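Data block below; observations after.
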Amino acid sequence: MIDIPEKNWTVYLLECCDRTLYCGITKNLDNRLKQHKGEIPGGAKYTRSRLPLKLVYLEKSNSRSEALKRELTIKKMTRNAKLQLIRNSINSEVDLNHSVPFGSEC
């Protein structure tokens, strides 16, 4: 039997309160979102100053290298291309608990 590697890296997009988009990668989405919210150390300064946030897109990757390459590709996209990516994804992997804004008001 062949072992299929588990897709344990996540590439994600957050929409900030000022409508900007933040792209990142993680192995633990729940912890990373807590970091962005400022609940635990390690979140990006960019997102902590733009609360509340909304998880608007995610995709799974097989490796850190693959996730980093995809993150770079997304970061190079225009805003309109990123919005189209979000619109085109019927992404059942987005946890509805994270799809609503979280954090303090902008």
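The values are calculated or read from the model by the stated rules, or taken from the named source; none is laboratory data. Computed from a predicted structure; not experimentally measured. Every residue, glycine as well, gets a Cβ built from its backbone with ideal geometry; the counts of neighbours run over all protein chains shown.
Applying the criterion of being in a loop (DSSP other than H, G, I, E, B) and polar (S, T, N, Q) to the residues of segment 64-94, the residue that is modelled with the lowest pLDDT is Ser92. Number of residues in segment 33-63 that are within 16 Å of Tyr12 (Cβ to Cβ) and either among the β-branched types (Val, Ile, Thr) or part of a strand (DSSP E or B) (or both) equals 10.
Among the residues of segment 6-29, those that are over 21 Å from Thr73 (Cβ atoms) and either touching a residue at least 24 places away in the same chain (Cβ under 8 Å) or more than 13 Å from the chain's Cα centre (by Cα) (or both) comprise Glu6, Cys17, Asp18, Arg19. Exactly one of (1) at pLDDT 90 or above; (2) assigned to a loop (DSSP other than H, G, I, E, B) is unmet by Val100. Its number? Result: Val100 fails condition (1) only.
Of all residues being polar (S, T, N, Q) and farther than 13 Å from Leu21 by Cβ in segment 35-55, which is modelled with the highest pLDDT? Just the residue, please.
Gln35
All of Asp30, Asp18 fail the test of being charged (D, E, K, R), out of contact with any Gly (no Cβ under 9 Å at 6 or more places or on another chain) and assigned to a loop (DSSP other than H, G, I, E, B), apart from Asp18. When the residues of segment 37-65 are filtered to those that are of a type in the set (Lys, Arg) and under 24 Å from Arg87 (Cβ atoms), the one that is surrounded by the most Cβ atoms within 10 Å (Cβ to Cβ) is Arg50.
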